[in-house]
Amino acid sequence: MRSINTAYAGLAGNYLFSEVARRVRVYKENHPEADVISLGIGDVSQPLVPAVIEALHEAVDEMSRAETFRGYGPEQGYAFLREAILKHDYLSRGVSLDADEILSSDGEKSDVGNFHELVGEDSIIALTDPVYPVYEDSNAMAGRGGVHENGRWSSIVYLPCTKENNFHPALPEKRVDVVYLCSPNNPTGTVLDRTELEKWVNYARENDSLIMFDAAYEAFIRDESIPRSIYEIPGADEVAVEFRSLSKTAGFTGLRCGYAVVPKKITAKTADGTVLHLHDIWLRRQCTKYNGCPYIVQRAAEAAFMEPARTQMKAVLAIYQGNADMMLKTCEKLGLEAFGGVHSPYVWLRTPGGMDSWSFFDLLLEKAAVVCTPGVGFGASGEGYVRLTAFNTPSLTRAALERLERVLADVRS
């Protein structure tokens, strides 16, 4: 019999969002007349802005002419895109980087799920709990998980994020090699301020640890005093890799474009003491396993970092921020406890009456045809919560909240 990577055997039968989709699909098959509204998976509802569409069309036209046709591109991304990212995402905020420290990809999920390949097999991984499942699953697939029991892996260090600690993870009690941080956070919707980020950067420098920093939702931050990049913290370029995406900021969930920032200052040692630069290793990995984000997508992404697209995108983000405000106000009106939603498109809702996450998911789906995401799917500390997203249209968001209100009235009566 053929052998298999046994690390996969301990994984849950379905990826969280695949399981949500499966349950919704079964519900629709049994209730074909139902008008299902999703506040679950974080897909966007608004179309690409006009300036991005224009750039996409121009790039497609280029591909139709022999003199402007593009074949294989650089695996790390075209210089025009990396320069645009550098100028508008970093230099504009006083962050000093080089354009070649920015490597584009087909999305942040790919980068976050693959970067662990650079880390030693015996590395100790720390994750916040609740957590974006890709961080946990990808390390488990690599054999760093140990044994999976009661919703957790025995070899992974979990850092609970709860109401009691304001959803801010405490420093590990023992040294870890890698820690994953996400701010604004998915799923709790909360943010790490400058003091919190300084704490983590100092920890990483003192313990020779690596920070994997997910900044996919930075565009939703409304307070300019809150860092949008971990590189706004002095010394972070020695210990942190940052991941970003255009999926939510520019509506690229269908186009697929993201990037990783890997500063050249970050080094690691092999077993024999040889010092290597993570930037060089990541580039080497990408050149072997990846052919680069499509040219037409990179041209569209370039436009997203310039005017008039930036102004157009702010108007779209305002729609989602308005939805988040609407959800928070509704939760307050209904006497529900909710967190996040201010600097994030996610609202972290405590389930009423001590109901567990999946039971509340099923209740909303069966009684209201509304989809949320069960908090326990993000980790043990997520039990008793569900995640609501602000990415639907305002009218459908309002309709979903009205249905939620009716369901709660029935439950409480």
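Nothing in this text is a laboratory measurement; each read-out follows from the coordinates by a stated rule. What you see is a predicted model, and the numbers here were worked out from it, not measured in a lab. FYI the Cβ positions are ideal-geometry reconstructions off the backbone, even for glycines, and counts take in every protein chain you see.
Which whole-number percent gives the relative contact order of the chain, counting Cα pairs below 8 Å spaced six or more residues apart? Over the chain, the number comes to 23 percent. Of all beta bridges that DSSP places with both ends in the range 52-304, some 45 percent have antiparallel geometry. The smallest convex shape that holds all Cα atoms of the range 314-409, its convex hull, gives 87 Å³ per residue.
Restricting the calculation to alpha carbons of the range 52-304 gives Rg and Dmax of 18.4, 62 angstrom. Straight-line reach from K269: which lysines have a Cα under 21 Å away, not including same-chain ones fewer than 8 places off? Within reach: K174.
Around the Cα centre of the chain, unit charges on the Cβ atoms of Lys, Arg, Asp and Glu (plus for the first two, minus for the last two) sum to a dipole of about 560 debye. Sketch the reach of a paramagnetic label on F69 as a point 7 Å from Cα along Cα-to-Cβ, and name the residues of the range 270-303 whose backbone nitrogen lies under 19 Å away. Answer for this model: 294-297. Net charge around P374, counting only other residues with Cβ within less than 11 Å of its Cβ (Lys, Arg = +1; Asp, Glu = -1)? Local charge sum for P374: -2. Ranked by the mean number of other Cβ atoms within 10 Å per residue, highest first, peptides 269-282, 247-260, 34-47 order as 247-260, 34-47, 269-282.
The residue among S96, H57, Q286 whose Cα reaches farthest toward the positive pole of the charge dipole of the range 52-304, with charges on the beta-carbon of Lys, Arg, Asp and Glu, is H57. Mean residue ellipticity at 222 nm from the helices of the chain, using -39,500 (n - 2.57) per DSSP H segment of n ≥ 4 over the full residue count, to the nearest 500 deg cm²/dmol? Helix-only estimate at 222 nm: -11000 deg cm²/dmol. Given R0 = 35 Å, the distance between the Cβ atoms of R93 and R285 translates into a calculated FRET efficiency of 0.80. Extension gain for E206-E117 works out to 29.7 nm (0.36 nm per residue, less the C-alpha to C-alpha distance).
Sparse packing (at most 12 other Cβ atoms within 10 Å of the Cβ) combined with a DSSP loop state is found for the following trypsin sites (Lys or Arg not before Pro) in the range 14-116: R65.
Legend: residue pairs K248/K314; K87/K264; K265/K289, Cα-Cα distance threshold 20 Å; pairs beyond threshold, K265/K289. Treating r as the C-beta distance of A170 and D362 and R0 as 41 Å, the FRET efficiency rounds to 0.80.
Kindly rank 191-201, 401-411, 145-155, 129-139 from highest to lowest mean number of other beta carbons found within 10 Å of each residue.
Ranking the peptides 191-201, 401-411, 145-155, 129-139 by packing returns 129-139, 191-201, 401-411, 145-155.
When each of the peptides 386-392, 327-333 is scored by the mean number of other C-beta atoms lying within 10 Å of its residues, the order from highest to lowest reads 386-392, 327-333. Between E307 and T195, the simple label model (points 7 Å from Cα in the Cβ direction) yields a spacing of 3.8 nm.
Extension gain, R412 to S18: 0.36 nm times the residue separation minus the Cα-Cα distance gives 138.7 nm.
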